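First comes the structure, then the notes that go with it.
Throughout, read-outs are computed from the coordinates displayed, never taken from laboratory work. Keep in mind that this is a model prediction, so the values were computed, not measured. Counting neighbours? That spans all protein chains shown, and the Cβs are built from the backbone with ideal geometry, glycine included.
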Amino acid sequence: MAQILFALALALGTALFVGRVRFIRRNILLGRDLDLSDNPAARWKQMALVAMGQSKMVTRPLAGFMHILIYLGFVLINIEVLEILVDGLAGTHRVLSFLGPVYNLAIGFFEWLALGVLLACVVFLVRRLAGAVPRLNMAELKGWPQKDALIILLVEIVLMSALLLMNASDKTLQERGHEHYISEAGALHLECPDCTPVEAAGYLGSFPISQYLQPLVSDLSEVALVGLERGAWWFHFLGILAFLNYVPYSKHWHIIMAFPNTYYTPLKPKGDFGNMASVTTEIQLMMDPSATPPEGYEAPTGFGAKDVYDLSWKNLMDAYTCTECGRCSSVCPANLTGKKLSPRKVMMDTRDRLEEVGHGLDAAKKAGQAIEGRLDDGKSLHDRITAEELWACTTCNACAEACPVNINPVDIIVQMRQYKVMEESAAPSELNNMFTNMENNGAPWQFNQMAKADWTKA
Ligand code: SF4
Ligand code: SF4
């Protein structure tokens, strides 16, 4: 019965997770095409350094160290999930214990990691609740984003506590020579046939942290201990499934997205804006009437980004990768000087609008409407990101430089500005003067063309 329940829970949790991943993938692919397949070797290196090595996190050493601890704990402790899966489906207990000393070492290592993760989460939780870090108290984090951060920290604390409590109960049962907890552990019989159950317990796992929790459970009867151990085991398994399905809805989705996002980060220098390909081609065709359009060329139907469809798929992947850490906003000169712009909010707004479009498409599909091209819900990204925010950006790229997962908010800002200027002629008056000067004088200043070289006479 337990195995059937386990298999059903696993199948349901996996199906829900896959459904959400497909939704996110479809949304990202709503973006404009962009070829980022060049130089795979440099891309793998970039991913290894930034996502796996967390090279940009350590610029703030203490927070960086604790983040790496949580990340390592998340990755390595989840190796134990493999054992949980086999045990749950096969009805065994600690099936990998046949590995003997290696298993022993691994359990000890996981316990140290679990303790580290637990302490780091407590520090992060206290830091958030105490409001000690300005970037974690900005306006865009009020409401759900703040709750999301707290929920994950609490869940991690509870999961790690359950893991340690499970091991404490397990070790106590081993020491009492409980049949299931000794015989299933196996290693005793392979490595130490003459051991007593108590010696076997010592051999099977030193449980370096959970042994100190044993006094909490040592007075319990065997039945209660087995209940506690099984309860913690099921809680751990169901908690992981719940976590798996919560993460893609939360900022913690970056645990996964950081890898593809850093792989596909453009390799060109951050300050290299380049020309708009659509404008360049149009002008080349105008200047040279004999030129033939590139194969498959379609005249642009608009310029810049009005909505998420106009951004590249990489911009949309950026939006789903944002950890809402605010490192970008904390170095943004516009934000620091009291302007309305926060690059973190730009990313959060882009993701929220993309989610809205995705749900709109799904609702239309359910209602039997065939959507050709874009969802027409009368809204756009500009409803969320105002002109005041867009024009406050100095395009300094400090945000992109600071981002620990290589997100580039400036790229979105610039494309939205291009829409404002080229589609709505809605540039600030200072820029309009400059555009007029460029058009009339061939320079941004209000000098006659003929006076352009006068400075050389001075
Ligand atoms: S590029 Fe713009 S958004 Fe980014 S830090 Fe500079 S001013 Fe802020
Ligand atoms: S864009 Fe990068 S730096 Fe800014 S909040 Fe998101 S993850 Fe953090």
Inter-part gap, Cα centre of segment 225-255 to Cα centre of segment 281-344, in whole angstrom, is 38 Å
The set of residues whose placed amide H lies less than 5 Å from the amide H of residue 32, leaving out same-chain residues fewer than 5 positions away, is 311, 312, 313
If each K or R counts +1 and each D or E counts -1, the residues other than residue 349 whose Cβ falls under 10 Å of its Cβ total +1
Length gained if residue 127 through residue 78 is fully extended, taking 0.36 nm per residue and subtracting the Cα-Cα distance, is 15.0 nm
Helix 429-441 sits off the longest principal axis of the Cα atoms of the chain, rounded to the nearest 10 on a 0 to 90 degree scale, by 50 degrees
For segment 96-181 the trypsin sites (Lys or Arg not before Pro) that pass both the DSSP coil test and the at-most-11 other-Cβ-within-10 Å test are 142
By the Cα gyration tensor axes a ≥ b ≥ c (a/c under 1.5 gives rounded; else a/b larger than b/c gives prolate, otherwise oblate), the shape of segment 1-46 is oblate
Note to self, the chain gives a 222 nm [θ] from helices alone (DSSP H runs n ≥ 4, -39500 (n - 2.57) apiece, / all residues, nearest 500) of -19000 deg cm²/dmol
From the cross-link list 340/366; 268/379; 56/339, the entries with a Cα-Cα span beyond 30 Å are 340/366; 268/379
Once the in-chain neighbours fewer than 8 apart are removed, the lysines whose Cα is under 19 Å from residue 147 read 251, 345
By the Cα gyration tensor axes a ≥ b ≥ c (a/c under 1.5 gives rounded; else a/b larger than b/c gives prolate, otherwise oblate), the shape of segment 16-112 is oblate
Scoring the chain by relative contact order with C-alpha pairs under 8 Å, at least six apart, yields a percentage of 19 percent
Note, segment 308-314: 3J(HN,Hα) by Karplus (6.51, -1.76, 1.60, θ = phi - 60°), whole Hz, Gly/Pro = x, goes 4, 4, 7, 7, 6, 4, 6
Among trypsin sites (Lys or Arg not before Pro) in segment 396-458, those in a DSSP loop whose Cβ has at most 15 other Cβ atoms within 10 Å are 452
A student applying the Cα gyration tensor rule (rounded when a/c is under 1.5; otherwise prolate if a/b is larger than b/c, oblate if not) would label segment 341-446 oblate
Per the 1/(1 + (r/R0)^6) rule, R0 = 35 Å and r from the Cβ atoms of residue 374 and residue 58, FRET efficiency to 0.05 is 0.25
Once Lys and Arg are counted +1 and Asp and Glu -1 for all other residues with Cβ under 14 Å from that of residue 68, the total becomes +2
Binned at 10 Å starting from 0, the alpha-carbon pair-distance distribution of segment 2-263 in whole percents comes out as 6, 24, 31, 23, 12, 3, 0
So, over other residues within a Cβ distance under 12 Å of residue 262, counting Lys, Arg +1 and Asp, Glu -1, the net charge is +3
Expressed in angstrom and ordered largest first, the alpha-carbon extents of the chain along the principal axes are 101, 57, 41
Taking GluC sites (Glu not before Pro) as exposed when in a DSSP loop with at most 11 other Cβ atoms inside 10 Å, the chain has its longest clean stretch at 1-294
